[in-house]
1. Report, by residue number, each residue of region 166-194 that is assigned to a strand (DSSP E or B) and modelled with pLDDT of 90 or more.
2. At pLDDT 80 or above and either surrounded by fewer than 17 Cβ atoms within 10 Å (Cβ to Cβ) or within 18 Å of the chain's Cα centre (by Cα) (or both): which single residue out of ALA197, ALA201, ALA206, ALA163 fits that description?
3. Which pairs have Cβ atoms under 6 Å, sit 6 or more apart or on different chains, and link a residue in region 154-167 that is without any contact (Cβ under 8 Å) to a residue 40 or more places away in the chain to one that is open to solvent by 50 Å² or more (accessible area, probe 1.4 Å)?
4. Could you list, in sequence order, the residues of region 214-225 that are over 19 Å from ASP142 (Cα atoms), under 18 Å from the mean Cα position of the chain (by Cα) and surrounded by 16 or more Cβ atoms within 10 Å (Cβ to Cβ)?
5. Of all residues being among the aliphatic types (A, V, I, L, M) and within 22 Å of ARG173 (Cα to Cα) in region 94-131, which is surrounded by the fewest Cβ atoms within 10 Å (Cβ to Cβ)? Just the residue, please.
6. Give the residues of region 149-160 that are closer than 22 Å to ASP69 by Cβ and open to solvent by 30 Å² or more (accessible area, probe 1.4 Å), sorted by residue number.
7. Mind telling me which of the residues GLN65, GLN79 ends up being open to solvent by less than 30 Å² (accessible area, probe 1.4 Å) and closer than 28 Å to SER161 by Cβ?
8. Which residues, taken from region 226-268, are surrounded by 17 or more Cβ atoms within 10 Å (Cβ to Cβ), aliphatic (A, V, I, L, M) and modelled with pLDDT of 80 or more?
Amino acid sequence: MPQQKDTNAADPQRALREAARSLNELADRLAAEADARPAPRPGPPADGPGIRYVHGKAEILAAMQEHIDAARIEILTAQPEGPRPGPVLRAALEAVRGRISAGVAMRTLYQHSTRFDEATKDYVRTVTEYGARIRTLDEFFDRLIIVDRTTVFLPANADRSIAAVVTEPAVVRFLADTFERAWDRAAPYPFVPVRAADAAADVVPAIREAIAKLLAEGRSDREIARRLAISLRSLQSHVSHLKAEYGAEHRFQLGFLIGQNTTANDVG
């Protein structure tokens, strides 16, 4: 009696198809099981060499104040997200005056949008008289406090309820250098002319240039407004101006035309 042939051995392609189907079924089953399991909740960040974490906004403020009070040389701060509340600014005045009186140099970076906020302008005018130096940038950057180039405070999560306190010298040097590069690009905070409508010419072109760049990258209106610390209504006004400038009929076409213009300039 003739021996029956193994059909899979006789048809390698069929064997491969069978193996592929089995693997696909296994992958689908594992994916379904993974989806059915609750996602693991990330644990709190763990301290390590040169970094520790402070939890809770009250605890963060207390830790920052402790280091600021102990500063002897220099305090560098970056404060994004536009104007800060008036009470916060007023509460900061005494701390700034006390540190500067003790011989501590202070420099702060804000975003351009703060130039149109009266409370911030009053604060900047006052601390500048004390001896602090203030500049503004068009672009987004995260909150940062560097004390005596030995300690850095950074947000460690989205709602800023956890702060990272960095003391690793190499990381501190890198962050201080990042601040210095941003400071070099930033514009001094002027008070002449004092009216926002007159001062707009100093910063609006830079804001629109940043908006054009972010539009070309395909960013959403909400993301652009957040990064530049301006309202959606202000953003829409700037976008309307850019549409007229580029001859665009809608937002998508505007992003395309900006991208084309950028490419042509790069090539040229």
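The values are calculated or read from the model by the stated rules, or taken from the named source; none is laboratory data. Note that the structure is a prediction, hence the values are computed from the model and not measured. With ideal geometry, Cβ positions are generated from the backbone for all residues, glycine too; neighbour counts draw on all protein chains shown. Areas reflect the complete protein model, heavy atoms only, side chains present, ligands, DNA and RNA absent. Shrake-Rupley method; radii C 1.70, N 1.55, O 1.52, S 1.80 Å.
1. Here is the first cut: in region 166-194, the ones assigned to a strand (DSSP E or B) are 166, 187-188.
Passing the criteria: only VAL166.
2. Selected residue: ALA163, the only one of ALA197, ALA201, ALA206, ALA163 that is at pLDDT 80 or above and either surrounded by fewer than 17 Cβ atoms within 10 Å (Cβ to Cβ) or within 18 Å of the chain's Cα centre (by Cα) (or both).
3. If the second residue must be open to solvent by 50 Å² or more (accessible area, probe 1.4 Å), the pairs left are PRO155/ARG143.
4. The answer is LEU215, and nothing else.
5. Selected residue: ALA105.
6. Selection gives ARG149, THR150, LEU154, PRO155, ARG160.
7. Residue meeting the stated conditions: GLN79.
8. LEU235, VAL239, LEU242, ALA248, LEU254, LEU257, ILE258
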